[in-house]
Amino acid sequence: MKNYTSFKSIKEDIAKGEISCEALTHGYIQNIKNSKTNSFLEIFETTALEQAKLIDVKITNKTAGKLAGMVIGIKDNICYKGHKVSGASKILEGFESIYSATVVEKLLAEDAIIIGRLNCDEFAMGGSNENSAYGNVLNPLDNTKVPGGSSGGSAAAVKEGLCIAALGSDTGGSIRQPASFCGLVGYKPTYGRVSRYGLLAYASSFDQIGPLTHNVEDAALITEVIAGIDAYDSTSSSEEVENYSQKLDNLQGEKLKIAYLTDCFSSDGLDTEIKTKTLAVIEGLKEKGHTVEGVDFPLLDYVVPNYYILTTAEASSNLSRYDGARYGYRSPKAVDLESTYKFSRTEGFGIEVKRRIMIGTFVLSAGYYDAYYTKGLKVRNIIKTKTEEIFKNYDFIILPTTPTTAFDIDGIKDPIAMYLQDIFTVHANLAGIPAISLPLGHHSNGMPFGVQIMAKSFDDAQLLAFSNEMLKRD
Amino acid sequence: MNLKEVLEKYTPVIGLEIHAQLNTKSKAYSTDVNEFGSVPNTNVSPTSLGHPGTLPVFNSATLEYAVRLGLACKSNITKEMHFDRKNYFYADMPKGYQITQDKTPICTGGEILIKGDNGKERSIELTRIHMEEDSGKSIHDMDPFDTLIDLNRAGVPLVEIVTEPVLKSAKEAYNYLTEVRKLVRYLGICDGNMEEGSMRCDVNISIMSKDATEFGQRVEIKNMNSMRNVAKAIEFEIVRHAELIAKGEKIEQETRNFDASTNSTIGMRKKEDAHDYRYFPEPDLTKLVVTNEYIEQIKNSMPPLPNDLFKKYVNKFNLSEYDAYNLTDDKGIALYFEELITNTKNYKSAANWMMGSIKSYLNQNALTIESFPIKASTIASLITIIDDGAINNSVATQKIFPVLIENPNLAPLEIAKENNWIIQNDSNELEAVITAIFKANPEETERFKNGDKKLTGFFMGKIMKETKGAANPKTTAQLINKVINNI
């Protein structure tokens with residue numbers, strides 16, 4: 001099988017009769033089986049092949065949906081009825097979902113083929129995929145490096161050609177950062193744009209599902225399918241979903257106003273080469289006639305602490321349901337209710353998840369609540385307001401996705417240092433705005449890095465169109 | 001010590017928290033059916049089961065019911081609010097947290113009127129009313145080894161009604177519960193059944209010496225499944241507190257369980273073991289906004305309330321407080337009475353029918369008014385024909401009423417006519433009857449004519465027998481004199 005890097009070329013080959021969905025699925029399954037990156041936790045071989053055969057018939061009958069021929073992997077925190085889902089955690093060992101996430105229903109309705117579930121950091125907590133209970137994922141570009149996280153399996157699988165696209169989830173950069181590390185497009189839509197129903201919750205007011213793809217076109221197509229209001233998610237928006245994939249040329253020739261956050265570029269941890277190369281991209285934009293101006297964002301130092309206070313608070317509550325009482329892992333040492341909780345959770349959760357549950361429990365506890373949680377909510381509001389102010393004058397904000405390129409496996413041992421890797425990505429989640437990482441950077445160390453663009457809430461169509469222009473320029 | 005002695009020295013200070021299950025069609029945050037008594041674990045979707053990835057969706061009927069209650073209690077209705085998560089682990093709480101309202105309850109303030117210890121009306125101030133979801137049920141006594149969990153109840157909507165610490169006795173607490181139960185039933189939001197657990201009550205209680213200015217140490221009592229047990233628990237606790245004080249011992253801040261088999265309370269959880277619930281705003285639900293239009297709309301659809309009806313009956317209809325109380329005690333009775341008085345203005349007679357024939361029929365047959373066969377309009381027309389003098393009261397209650405019970409579709413007047421129970425005001429016809437009776441009894445007639453007035457009763461009896469009691473006694477007496485004088 002060819003190594004496809006766009007859904008368009010797959011569709012063309014299907015149209016020409018050069019490949020069938022079944023053959024394509026077989027090909028990908030073979031690739032997964034041959035892979036050494038540990039991206040997939042499970043291949044949904046039977047259902048994927050059944051679906052592929054069905055879609056081949058639909059294609060012949062010209063009744064196929066717009067994702068016919070798209071072989072897609074889903075992060076292991078998205079529920080698919082009758083299939084296992086574990087959040088890459090031991091605590092959900094053997095658990096099979098009894099319902100499908102809204103995004104899964106929507107993908108299937110447009111005839112996508114869901115080929116399997118993808119490794120990730122446990123409950124999406126991490127930035128290197130080293131927190132999976134089922135082993136690290138290796139970066140397909142350099143197996144000594146991490147693929148990023150938490151959607152590390154999603155990024156590695158797409159890059160390696162194990163599926164044409166993947167769904168990830170992004171709470172603080174979990175789609176964009178691995179996209180940056182693996183040289184892909186990683187898109188986090190506006191908060192509320194895509195239903196969270198069926199996504200294992202990490203931090204409910206931050207989580208958002210989005211695609212990891214080779215190009216903007218595929219990201220736009222997948223997003224327009226999975227986006228929209230959902231009766232099962234009260235936080236999903238009733239804002240109309242545009243046909244993003246049809247609007248990718250909307251900004252052609254437009255002169256835009258773009259802000260870059262000066263504080264990001266003077267940030268200590270930022271790799272000098274990423275800095276200069278990102279600034280060069282900015283210069284390029286100016287040359288094309290866009291207005292690009294530096295804007296101060298003095299809140300940068302607060303985004304990571306603010307993010308970790310609020311997300312851990314929500315996580316400590318969201319993860320309470322994994323208690324060994326009803327489903328998932330129950331410790332063999334459990335003899336009564338308390339020991340069921342204690343041992344099942346102690347043995348079932350990994351160290352990073354436990355750390356975050358404890359931080360979150362602490363920031364919500366009596367006596368500390370106001371100092372941490374209440375203050376955290378206030379800071380988040382200030383960040384939102386300041387961000388909105390920038391968008392009053394600018395169409396987009398440009399900044400690096402990550403301070404470095406993919407680092408070595410076991411390279412960062414200090415959790416705080418690991419948290420600081422999120423410095424450029426958590427901003428979008430705190431503000432609820434859409435953000436995308438574009439594979440524009442090539443480091444002299446041989447690894448790729450992303451350039452990140454953020455837009456104001458529900459400007460998803462504009463953001464995708466601008467991203468398309470950016471990638472064309474490259 | 002006995003209760004009487006204690007109450008001479010101390011004043012109890014009592015506050016109640018009532019949880020009332022709302023009888024909405026579906027649950028508070030899912031579309032699962034809200035139904036008592038279903039087969040265990042059948043009214044459960046992935047959301048009720050707390051499965052990974054599920055999200056709550058608010059059932060707006062919960063809001064409507066809570067606003068109804070708030071309006072009835074004259075509470076302030078909160079215009080903008082959110083939900084909070086109350087975090088704690090329990091086997092029958094599948095999410096590990098309960099969705100409730102901590103910072104922004106739907107209602108603040110308000111009152112419930114009760115009969116106080118001195119027999120006069122008292123206002124019991126409310127602190128707040130908030131909306132939340134119920135937990136599932138742990139069943140400890142069905143399996144010898146394991147606790148069984150039924151999640152049908154998980155997610156059923158509740159309102160929690162919290163009073164200020166203003167109740168002063170077990171009797172007042174009992175009366176308060178009676179009024180709350182009556183109110184929620186009138187509002188149609190809860191069936192108020194404490195035995196089935198659709199209404200539950202926690203008591204906060206302390207005692208203070210009559211000359212003290214500060215409250216004593218308070219304890220919380222749980223697990224009472226009837227209003228009587230609430231009263232018993234309070235009385236037990238009042239004495240227990242006084243005895244501890246007398247012995248110079250400390251009253252611990254704790255949660256105690258009522259044990260119905262011994263009518264006593266048992267310590268369950270000390271203050272230091274109390275949960276830190278770590279309330280925070282529920283991020284899965286959006287803010288809730290209540291508009292003035294919405295409140296007006298609910299105001300306009302409010303059913304009659306027991307207290308308003310009571311006042312109407314006493315002040316406007318001049319019924320006794322006793323009658324008014326009995327008429328409003330049960331919503332069904334009150335609604336029947338309301339219908340009855342749209343068809344007759346004889347309120348006293350209508351009340352007598354309700355409290356007399358109708359209630360005793362219901363009691364004898366163990367029925368509720370909802371299954372009473374006769375329509376209110378039929379009872380009203382029965383009252384009307386009595387008032388018109390067409391039949392007398394005893395015919396109505398003893399003869400027509402039993403016929404109506406069997407044939408509720410018949411008209412009372414038709415029954416009376418068919419059975420010749422109509423009071424005969426037709427003088428000619430009655431005169432003829434009297435003349436005939438005189439003729440048939442010449443000897444007595446002769447004596448009567450000669451002034452033996454003792455025979456009036458003899459003739460009256462004959463006439464009544466002949467007319468089957470339908471002759472108007474007054475008219476008959478006049479006619480007897482007229483006819484005898486003409487003989």
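The values are calculated or read from the model by the stated rules, or taken from the named source; none is laboratory data. All values reported here derive from a predicted model rather than from experimental measurement. Don't worry about glycine lacking a Cβ; one is built from the backbone with ideal geometry, like all the others, and counts go over all protein chains shown. Keep in mind that these areas ignore ligands, DNA and RNA; they rest on the heavy atoms of the full protein, side chains included. Shrake-Rupley method; radii C 1.70, N 1.55, O 1.52, S 1.80 Å.
Against the test of being in contact with a strand residue (DSSP E or B) (Cβ under 7 Å, 6 or more places away or on another chain) and over 30 Å from B:Ala28 (Cβ atoms), the options B:Ile333, B:Ile341, B:Ile295, B:Ile266 yield a single qualifying residue, B:Ile266.
Take the conditions in contact with a helix residue (DSSP H, G or I) (Cβ under 6 Å, 6 or more places away or on another chain) and hydroxyl-bearing (Ser, Thr, Tyr) and apply them to A:Thr425. Does it pass? Criteria met by A:Thr425. Number of residues in the stretch A:315-350 that are open to solvent by less than 10 Å² (accessible area, probe 1.4 Å) and part of a helix (DSSP H, G or I): the value is 8. Confirm whether A:Gly253 is on the phi > 0 side of the Ramachandran plot and open to solvent by 10 Å² or more (accessible area, probe 1.4 Å). It is true that A:Gly253 is on the phi > 0 side of the Ramachandran plot and open to solvent by 10 Å² or more (accessible area, probe 1.4 Å).
Here B:Glu220, B:Glu132 are screened, and the one residue that is free of Cβ contacts under 8 Å to residues at least 40 places away in the same chain, part of a strand (DSSP E or B) and closer than 25 Å to B:Tyr88 by Cα is B:Glu220.
Restrict the check to the stretch A:93-114 and report whether at least one residue is of a type outside the set (A, V, I, L, M, F, W, C), more than 13 Å from chain B (Cβ to nearest Cβ) and open to solvent by less than 10 Å² (accessible area, probe 1.4 Å). Yes, the stretch A:93-114 has at least one match.
No other residue among A:Gly432, A:Gly450, A:Gly441 is touching a helix residue (DSSP H, G or I) at 6+ places or on another chain (Cβ under 8 Å), modelled with pLDDT of 95 or more and within 19 Å of A:Gly269 (Cβ to Cβ) apart from A:Gly450.
Being open to solvent by 30 Å² or more (accessible area, probe 1.4 Å) and under 19 Å from the mean Cα position of the chain (by Cα) is a description that does not apply to A:Ser444. If you go through the stretch A:114-142 and keep only what is part of a loop (DSSP other than H, G, I, E, B) and of a type in the set (D, E, K, R), you end up with A:Asp121, A:Glu130. Looking across the stretch A:379-405, just one residue is within 13 Å of chain B (Cβ to nearest Cβ) and free of Cβ contacts under 8 Å to residues at least 60 places away in the same chain, and that is A:Asn381. Of everything listed in (1) without any contact (Cβ under 8 Å) to a residue 40 or more places away in the chain; (2) surrounded by fewer than 17 Cβ atoms within 10 Å (Cβ to Cβ); (3) away from every other protein chain (no Cβ under 14 Å), the single unmet condition for A:Ser238 is (3). Taking the listed residues A:Ile209, A:Ile229, the one that is open to solvent by 40 Å² or more (accessible area, probe 1.4 Å), β-branched (Val, Ile, Thr) and within 14 Å of chain B (Cβ to nearest Cβ) is A:Ile229, with no other qualifying. Quick check on the stretch B:274-297: of everything there that is within 13 Å of another protein chain (Cβ to nearest Cβ) and either open to solvent by 90 Å² or more (accessible area, probe 1.4 Å) or β-branched (Val, Ile, Thr) (or both), which residue is farthest from B:Ala72 (Cα to Cα)? Looking at the filtered set, the residue picked out is B:Thr286. Taken over the stretch A:305-318, the criterion of being more than 8 Å from chain B (Cβ to nearest Cβ) and either touching a residue at least 24 places away in the same chain (Cβ under 8 Å) or in contact with a strand residue (DSSP E or B) (Cβ under 8 Å, 6 or more places away or on another chain) (or both) is satisfied by A:Asn306, A:Tyr307, A:Tyr308, A:Ile309, A:Leu310, A:Thr311, A:Thr312, A:Ala315, A:Asn318. Among the residues of the stretch A:447-467, write down those that are open to solvent by 30 Å² or more (accessible area, probe 1.4 Å) and either farther than 26 Å from A:Arg380 by Cα or outside any helix (DSSP H, G or I) (or both). Within the stretch A:447-467, A:Lys456, A:Ser457, A:Phe458, A:Asp459 qualify. Considering only the stretch A:415-430, state which residues are open to solvent by less than 10 Å² (accessible area, probe 1.4 Å) and of a type in the set (A, V, I, L, M, F, W, C). Residues satisfying the conditions are A:Phe424, A:Val426, A:Ala428, A:Leu430. Scanning the stretch A:319-353 for residues that are within 29 Å of A:Asp370 (Cβ to Cβ), touching a Lys or Arg at 6+ places or on another chain (Cβ under 9 Å) and within 12 Å of chain B (Cβ to nearest Cβ) yields A:Leu319, A:Ser320, A:Arg321, A:Tyr322, A:Asp323, A:Arg345. Using the structure shown, decide if A:Ser245 is surrounded by fewer than 23 Cβ atoms within 10 Å (Cβ to Cβ) and closer than 27 Å to A:Lys11 by Cβ. Against the criterion (surrounded by fewer than 23 Cβ atoms within 10 Å (Cβ to Cβ) and closer than 27 Å to A:Lys11 by Cβ), A:Ser245 qualifies. In this structure, A:Glu122 qualifies as within 14 Å of chain B (Cβ to nearest Cβ), over 30 Å from A:Ile55 (Cβ atoms) and crowded, with 24+ Cβ neighbours inside 10 Å. For the stretch B:32-90, a tally of residues being facing chain A (nearest Cβ under 9 Å), part of a loop (DSSP other than H, G, I, E, B) and either over 31 Å from the mean Cα position of the chain (by Cα) or modelled with pLDDT under 95 (or both) returns 15.
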